[in-house]
Amino acid sequence: MKPAPRVSLVHLGCSKNQVDSEVLLGRLAADGLALSGSPEQADVAILNTCAFIGPAREESMRAIRELLDRKKRGELQGVIVAGCLPQLYRPELDADPALQQVDAFLGLSDYSGISEVVRAITDGRAARALTGGGIRGIPDDSVRLLTGPRSYAYLRISEGCDHDCAFCIIPKIRGKHRSKPLEQLAREAAGLAAQGAREIVLVAEDSTWYGRDTEGVERLPEAIATVADTPGVRWVRTMYAYPNGLPKGLTAVLRDHRNVVEYLDIPVQHIAGPVLKAMRRASSGQKVRETLERLRSEVPGIALRTTVIVGFPGETERDFEELLEFVKSFRFERLGAFRYSPEKGTAAFGLEGSVPQAEIDRRFDAVMRAQQAVVAERNRSLVGSTVEVLVDGTNERGDAVGRTRADAPEIDCGVRVVGKAAPGQIFEAKVLSIEADGYDLVVKPVNPRFEKPRAGVRASGDGAC
Ligand code: SF4
């Protein structure tokens with residue numbers, strides 16, 4: 001019998017794209033294809049691309065060229081390009097003379113036939129496969145092969161976005177908002193827990209919109225509680241909340257459910273009214289402040305993560321100073337800053353009032369310096385306190401590493417554990433010191449066997465990024 005084709009997947013992009021990559025791998029494995037960790041040992045390579053901003057598109061194009069070089073040298077039989085790039089630019093990619101050796105361009109939500117496309121390539125009966133545009137349905141992510149540490153997994157609660165932020169191309173790539181039914185979330189969460197995930201990270205384009213399209217009312221709190229009640233799940237974290245008010249019951253579930261971490265990722269993007277208006281954010285600066293203050297007052301000890309964009313067209317020195325002052329005074333526990341990058345196809349592309357790149361860089365550095373000072377101070381105050389830790393794996397020196405309840409995987413701070421600890425373990429630990437980088441904590445378990453829900457034990461404050 002002919003051996004099954006060997007397939008390798010190269011993943012680029014965000015956590016939502018990672019879910020797509022894991023779905024692709026899950027389908028290939030379920031259909032009996034052999035998976036390989038590297039294109040060197042594969043017959044066919046699949047590249048799952050990102051097209052969010054210019055540098056991400058360039059990275060995707062570089063990766064396509066590298067795989068095509070391998071194919072030219074006879075090291076691969078086929079190259080499949082999937083994800084956001086072909087979803088958005090399929091006609092252009094299809095017409096590009098340098099990409100004629102790509103065997104298939106697959107847009108989003110076209111993955112049910114992936115194994116057949118691979119077999120057609122290895123059987124030598126492939127006409128160039130082109131699909132795309134199938135972005136209206138609700139994704140089914142139940143067949144999935146996790147690629148990260150087993151300690152956590154992302155769960156996509158909805159797909160697409162109904163907003164119209166001037167800087168963002170995502171609605172054009174992923175379409176209008178579609179919520180998964182609660183029963184589907186429960187099923188998918190159980191599947192992830194069965195694969196060993198202790199933490200489930202809820203992702204969406206706008207998580208606060210969950211339920212609006214299907215029931216006319218936001219049901220994010222129910223989604224969080226449903227996942228948190230899944231046997232085996234110990235932490236549930238919510239990302240990408242839109243700061244235009246809060247769904248009813250959200251602060252209660254963040255505060256009261258023991259398996260829900262006191263954490264919210266709530267990208268504000270800016271605080272100055274004229275910039276928010278130009279960005280077409282539905283919130284005013286006042287509304288954003290009220291939403292954040294409400295979270296702080298109704299969820300004691302909450303860690304708030306946000307992102308801000310500096311250098312949006314028309315951002316004056318005064319607007320920027322307002323943002324900087326806000327970052328310093330509100331003292332987000334976690335913060336990421338982005339330099340504005342003009343994207344063709346967005347409303348902001350070609351707007352007047354562009355900020356010179358050197359000035360964008362200066363503003364970016366100023367925000368980052370301000371946040372570093374916040375981080376340093378918060379981390380210093382944590383030494384000697386007790387935090388709850390989830391172990392993700394080991395570092396290059398073999399030390400166990402993980403995170404506190406206040407840290408999302410991949411983007412926030414981490415901890416290094418002094419003493420033995422296994423991936424997936426959750427325990428209370430004492431903060432001994434701060435790592436030389438200033439961001440990560442060194443902790444020692446004080447109760448390594450701690451696994452059962454215990455009322456009233458929460459990470460207090462925690463470090464900031
Ligand atoms: S809410 Fe987020 S995903 Fe939606 S348009 Fe705005 S930035 Fe893009």
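The values are calculated or read from the model by the stated rules, or taken from the named source; none is laboratory data. Note that the structure is a prediction, hence the values are computed from the model and not measured. Cβ: placed from backbone, ideal geometry, glycine included. Neighbour counts: every protein chain shown. What goes into the accessible areas is simple: the full protein's heavy atoms, side chains included, and nothing from ligands, DNA or RNA. Shrake-Rupley method; radii C 1.70, N 1.55, O 1.52, S 1.80 Å.
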Which far-off residues, 5 or more places away or on another chain, put their amide H under 5 Å from the one on L202, with H placed in the peptide plane?
L155, R237, T238, M239
Here the tail fraction of P(r) beyond 44 Å, over all Cα-Cα pairs of the chain, rounds in percent to 13
In percent, how large is the relative contact order of segment 148-256, given Cα pairs closer than 8 Å and 6 or more residues apart?
29
For segment 383-447, what % of the accessible area comes from carbon and sulfur atoms, probe 1.4 Å?
50
I need the phi-derived Karplus couplings for segment 399-404: 6.51 cos²θ - 1.76 cosθ + 1.60, θ = phi - 60°, integer Hz, Gly and Pro marked x.
6, 5, 10, x, 8, 8
Put E325, E317 in order of accessible area, largest first, probe 1.4 Å, and you get E325, E317
At a 1.4 Å probe radius, which order do S142, S60, S341 fall into by accessible area, largest first?
S142, S341, S60
Take W209, W235 and sort them by solvent-accessible surface of the protein heavy atoms, 1.4 Å probe, largest at the top.
W209, W235
Mind scanning K172/K277; K172/K344; K420/K444 and naming the pairs with a C-alpha gap bigger than 18 Å?
K172/K277
Counting only protein heavy atoms with a 1.4 Å probe and every protein chain in place, the carbon and sulfur fraction of the accessible surface of segment 6-131 in whole percent equals 50
With a/c under 1.5 counting as rounded, go ahead and sort segment 60-219 into rounded, prolate or oblate using the C-alpha gyration tensor (a ≥ b ≥ c being the square roots of the eigenvalues; past the cut-off, prolate if a/b is larger than b/c, else oblate).
prolate
Among K176/K328; K248/K430; K180/K430; K328/K430, which pairs are too far apart, with a Cα-Cα distance over 32 Å?
K176/K328; K248/K430; K180/K430
Compute the Cα gyration tensor for segment 14-154, then decide on rounded, prolate or oblate, letting a ≥ b ≥ c be the square roots of its eigenvalues: rounded whenever a/c is under 1.5, prolate when a/b is larger than b/c in the other cases, and oblate in all that remain.
rounded
Roughly how much of Y210 is accessible, in Å² to the nearest 10, using a 1.4 Å probe?
10
With a 1.4 Å probe and all protein chains kept in place, how much accessible area does E321 have, in Å² rounded to the nearest 10?
80
Mind checking which aspartates and glutamates have their Cα closer than 13 Å to the Cα of K2? Skip sequence neighbours fewer than 8 apart in that chain.
D123
Rounded to the nearest 10 Å², the accessible area of M61 at probe 1.4 Å
40
Where GluC sites (Glu not before Pro) fall in DSSP loop in segment 24-112, at most 15 other Cβ within 10 Å:
E75
Only Cα pairs under 8 Å and at least 6 apart count here; give the relative contact order of the chain as a rounded whole percent.
10
Among the GluC sites (Glu not before Pro) within segment 210-263, which fall in a DSSP loop and have no more than 12 other Cβ atoms within 10 Å of their own Cβ?
none
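Provide the per residue accessible area, probe 1.4 Å, for the chain, rounded to a whole number of square angstrom. Walk me through the numbers on the way to the answer.
On the way: 19090 Å² over 465 residues.
I get 41 Å² per residue for this part.
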Rounded if a/c under 1.5, otherwise prolate or oblate - segment 383-447, Cα gyration tensor axes
rounded
Where trypsin sites (Lys or Arg not before Pro) fall in DSSP loop in segment 203-256, at most 15 other Cβ within 10 Å:
K248
Which residue, chosen from L304, T238, L323, occupies the Cα position most advanced towards the positive end of the dipole of segment 214-362, where the dipole is computed from +1 (Lys, Arg) and -1 (Asp, Glu) charges on Cβ about the Cα centre?
T238
If every Lys and Arg gets +1 and every Asp and Glu gets -1 at its Cβ, then about the Cα centre the chain yields a dipole, in debye to the nearest 20, of 740
How large a share of the accessible area of segment 266-380, in percent, is made up of carbon and sulfur atoms when the probe is 1.4 Å and the other protein chains stay in place?
52
